[in-house]
Amino acid sequence: MSEPSSAGFQELLNRRFVALLAVSFLASFVSSPLYSSLLPVYVEAGLARSPLFSAGLRGLFFTLGGLCSIPAGMLCDAFGIKRVFILGQFGPLLAGAIFLTGDPYLLSALCIGLGMTFGFSSTGGQSYLLGSVPARVLGMAAGGYFLSSTLGSAAGNLLAGPIADNLGYERLGHLACATAAGIVFLSLVLLPSLPRPENNERSAARSLAGFIDLCRRREVRLLLAIRYLPTSYWGAVTLLIPLLIFRVSGTNTSVTTYSAISLVAACGSQLLTGRLVDRIGRWKPVVISSSLVAVSAVGLTFTAHTLAGLYIFGIVASVFAWSLSTTMPGILQLTAREGEEGRVVGSAHVAWSAGMLSGSLGGGKLIDWGTSVPFAIGTVFALGAVACGIGLYYAHRASDPGPGRRPE
């Protein structure tokens, strides 16, 4: 057992994958605490706006992210993945600029730009991941990729909260912008280009028709559903839990401390999930992770009015939502046929963005009806994801021969 494990580890230590991890870590370090943890708090405490306004800003972000993932996928297949991914690295610069203005219109414009760059970053990053490692170690590679993002987010949250409390939001924005400019430069220098298949020179019309053809396949529809349903619940969680914690505790630091703890807790789950995917196949981790996401939704339904409940079940949601995400690159690889990897990844990101959009807007509205209402509805969505995971197993089992072998 040790020799295959050692060989697999060596296959991960290539320049492409290591550079991808470094860029992913730095981008999340700068941007994640800004547009995720602190944005709703900044809007309420700094701008005296309602949670629904925060939900609208996040809605712009996720709408543009989803829409831009379609051309991003086409560009990945036609013109190269590295170029698309680097375009996405301008996102942290815009995330820092969010805290440099109190004007609602400029704030909305920045969220639009941030969403556009996020669509390119997410589609380009996951497409780059699929091309940077062999299929037999993709599970661990996916775990490492998401882990780099998680660790970056955790470290960024640990610093961003105290900076906001002690120095103010404007100083936080300046520091973030300066760091983000360095990330763009490092991306240009560190990331090697990936070879493109010779048959990938296609017109935009043909590529767009390819998206329509994708959605006619049953396994693609199930893939899109399992990306949308739990993500809709997760969108409500990421908007509401920081806000509810702030209302109970009254400090930014308590919000970012929760975010950091939940992300660190997710790290071990990501590595374990990646390892399990390589050893036992994709499907058991998919069903187990989606089931425990549903458990977190039930817990929040009954305990969201307490700080302990928000911390405990929020962390459970974070751990297993990230675990479920770790299984997705393998499912994307099974689903994509030759030359369509970028479009499959882009389609999945559209579903993810739609989920975050509906979850954010729904959570921002439903929280006025009662603290437990958004999480009760999220329970239904999470149970739907479990059903989709089982459906994907039956749709794909002939294509997933099991651990240790490449899918046909």
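The values are calculated or read from the model by the stated rules, or taken from the named source; none is laboratory data. These numbers come from a predicted model, not from an experiment. Here the Cβ positions follow ideal geometry from the backbone for every residue, glycine too, while neighbour counts run over all protein chains shown. Areas reflect the complete protein model, heavy atoms only, side chains present, ligands, DNA and RNA absent. Shrake-Rupley method; radii C 1.70, N 1.55, O 1.52, S 1.80 Å.
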TODO: All but one of (1) in a helix (DSSP H, G or I); (2) farther than 21 Å from Ser232 by Cα; (3) open to solvent by 10 Å² or more (accessible area, probe 1.4 Å) hold for Gly102, so report the exception by its number.
DONE: (1)
- [ ] At least 1 residues that are at pLDDT 85 or above and open to solvent by 20 Å² or more (accessible area, probe 1.4 Å) in each: list the helices (runs of 4 or more DSSP H) lying fully within segment 209-328 that qualify.
- [x] 218-249, 283-303
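One line per residue, one yes/no per condition, for (1) of a type in the set (A, V, I, L, M, F, W, C); (2) under 16 Å from the mean Cα position of the chain (by Cα):
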| residue | (1), (2) |
| --- | --- |
| Pro104 | no, no |
| Ser108 | no, no |
| Ile112 | yes, no |
| Thr117 | no, yes |
| Pro134 | no, no |
| Met140 | yes, no |
| Leu158 | yes, no |
Open item on the list: Quick check on segment 109-130: of everything there that is among the small types (Gly, Ala, Ser) and open to solvent by less than 30 Å² (accessible area, probe 1.4 Å), which residue is nearest to Ala55 (Cα to Cα)?
Closed with: Gly115
Task: Output for segment 371-407, where each listed residue is in a loop (DSSP other than H, G, I, E, B) and at pLDDT below 80 - done: Asp400, Pro401, Gly402, Pro403, Gly404, Arg405, Arg406, Pro407
Open item on the list: Which condition from (1) more than 14 Å from the chain's Cα centre (by Cα); (2) modelled with pLDDT of 80 or more is the one that Pro195 breaks?
Closed with: (2)
Task: Gly173 being touching a residue at least 24 places away in the same chain (Cβ under 8 Å) and either crowded, with 17+ Cβ neighbours inside 10 Å or farther than 16 Å from Leu21 by Cα (or both) - done: yes
